[in-house]
Every structure is written in C-alpha cells, then in structure tokens.
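Visitor: Before we start, here is the structure in question, set down as structure tokens.
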Amino acid sequence: MTTSEWPVAFFDDDYLKIYRPMFSPEVTGREVAFIESALAPPAGGALLDLACGYGRHAIGLAGRGYRVTGVDFNPRYLAVAGQDAAAAGAAVTWTQGDMRELAFDRAFDGVYSYFTSFGYFSDAENERVIAGVARALKSGGRFLLDMTNRDWILTHPQQRIWNQLADGSLLMEEVSLDLVRSLVITRQIHIAPAGGTRLTKEYQLRAYTCAELTALFARHGLAVREAWGGADRSAYSTESRRLVLLAVREGGDG
C-alpha cells in the first residue's frame, strides 16, 4: 500500500487511541461469538481475519481453538496484536500485507472482514480483494462481510454523531453520501478533554448496495446465503445501520 492512499494516514496511533477503548471485552466477545456461529468452521479450522487491525477478533477466535491468520498492512497494529495475543496465551499468525494481493490458495475454512474493512479502493481494486478471498477459501468455505449500510445513510442524510470516550474526550463523526460516486464521506473531529487539541480526520469509502455486492461475489464463485442488518441477525432494511453478508465458496477453481 502506497503512502498516498488514505488508509495509511487514517489508521495511525491516533485511531488506536480513539477506537480501542470503544470496544470492551464484552462487545468483542459477542462479535467473536457471532463470527464463529456464522462461519461455522470445523473444530480447529483455519480462519483468515482480513484487515485484522490490532487483532481483537483474531485473538478471540484463536482462544476458541481455531488456527487464525491475521492480515493487515499496518506493522504497528500487528505489533500491538502480537503483544495482546501473547498476553492472552493465543497463537495467531500475523502477516503484514495488502489485501489486494492475497497469496493464499484454498487455505481457509472461513474468511471474515469486520467493522467496514472493505471498500477502501477503486472498484477494480476492491474486486481484486474479493477475488483473493474466493481463492483463499476452500470449497464450501464461508466469507462473512460486515459493512456500514449505504442505504441507511441514503435515507438518513447528514448524520452527525457525538461520542464521549473513556478519557473524557469527544469524538464527532459527520457522515454523508456522494450519490454520483457512491462514496461514504466521513469527517471526524476529536476534541481532547478540557477543550484541548482538536484532531480532524476524513476518509472516503466506496459503499456498495446489497445487490452490487451479491453480484460482485457471484463473479468469483461466492454465493450469498444470508443478508442481515447486524450481528443480531435482524432482517436487513434501510433502518439497519449495518449490512452483513454471509457467502459460501462454491466448488471448482473459478
């Protein structure tokens, strides 16, 4: 990944400071349980965490006996993940790499991409990510994708959300949708306690409809089996904050 691409600047130490405290062990535990139940891997099966970040899901799944590989472009996050895994007594294979260049071939029983870790690039490059996922899965293996719901943003325009973090700081997120390019544009302002330093971040993410993703998956032998509105397996609708798709890798070399 080149230094000019936005994820390199966005996913830095400040991101860790802001987001890491937002995910309690209880929240992570519920998400890990959902990922496990959706992928339904065999006991001791091989799983790939795509854009694993600092590894909270990978560590949880390794603790449940799975052979987990975590891939991320950020060496700093992988170092943090390695420390956390060691502290938890979990064995995870951490791999630095670009999700557009996955080198795995029929290696995994399940692959998951969680917390909107897809859509960073152009359409052609995003499709390369899905092609790599399909190639990495064994026949019958499952792929779980968790995304922000484009259609919720479409029907709830100009969202501005304030969150108070554990250290007393405030995080404001302003979200809009560029209809022409189907890009979710998110601007964040982080205000330190007592009105201190203001940090501003912005990113643009390609937002796909459920139908677009289903067609994209199908081109690479991934058949969508479920579409949910969240980890609670609620029905997907314009009122769903999330779009969660579960697909199965069909037979053949594709």
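Visitor: From the list Ala87, Ala58, Ala38, which one is free of Cβ contacts under 8 Å to residues at least 12 places away in the same chain, in a helix (DSSP H, G or I) and either in contact with a strand residue (DSSP E or B) (Cβ under 7 Å, 6 or more places away or on another chain) or farther than 26 Å from Phe121 by Cβ (or both)?
Guide: Only one candidate qualifies: Ala87.
Visitor: From the residues in the stretch 1-24 that are surrounded by 12 or more Cβ atoms within 10 Å (Cβ to Cβ) and β-branched (Val, Ile, Thr), which one is nearest to Leu205 (Cα to Cα)?
Guide: Among them, the one singled out is Val8.
Visitor: Then there's this: Answer with yes or no whether Gly53 is within 17 Å of the chain's Cα centre (by Cα), surrounded by 22 or more Cβ atoms within 10 Å (Cβ to Cβ) and part of a strand (DSSP E or B).
Guide: No: the conditions fail for Gly53.
Visitor: Determine whether the stretch 164-177 contains at least one residue that is over 20 Å from the mean Cα position of the chain (by Cα), polar (S, T, N, Q) and surrounded by 14 or more Cβ atoms within 10 Å (Cβ to Cβ).
Guide: Looking through the stretch 164-177, at least one residue is over 20 Å from the mean Cα position of the chain (by Cα), polar (S, T, N, Q) and surrounded by 14 or more Cβ atoms within 10 Å (Cβ to Cβ).
Visitor: When Val27 is evaluated against the numbered criteria (1) touching an Asp or Glu at 6+ places or on another chain (Cβ under 8 Å); (2) surrounded by fewer than 18 Cβ atoms within 10 Å (Cβ to Cβ), which criterion, by number, is the only one it fails?
Guide: Failing condition for Val27: (1).
Visitor: A further question on this structure: Which of the following residues is assigned to a helix (DSSP H, G or I), surrounded by 14 or more Cβ atoms within 10 Å (Cβ to Cβ) and under 17 Å from the mean Cα position of the chain (by Cα): Val32, Val68?
Guide: Val32
Visitor: Restricting the search to the stretch 6-27, which residues are in a helix (DSSP H, G or I) and over 17 Å from Ile191 (Cα atoms)?
Guide: Trp6, Pro7, Val8, Ala9, Pro25, Glu26, Val27
Visitor: Tally time: how many residues in the stretch 135-163 are over 18 Å from Cys210 (Cα atoms) and buried (at least 18 other Cβ atoms within 10 Å of the Cβ)?
Guide: Total satisfying the criteria: 4.
Where a number appears in this text, it was derived from the coordinates with a stated rule and is not lab data. This one's a predicted model, so the numbers in the text were calculated from it and none came from an experiment. In this analysis, Cβ positions are derived from the backbone assuming ideal geometry, glycine residues included, and neighbour counts consider all displayed protein chains.
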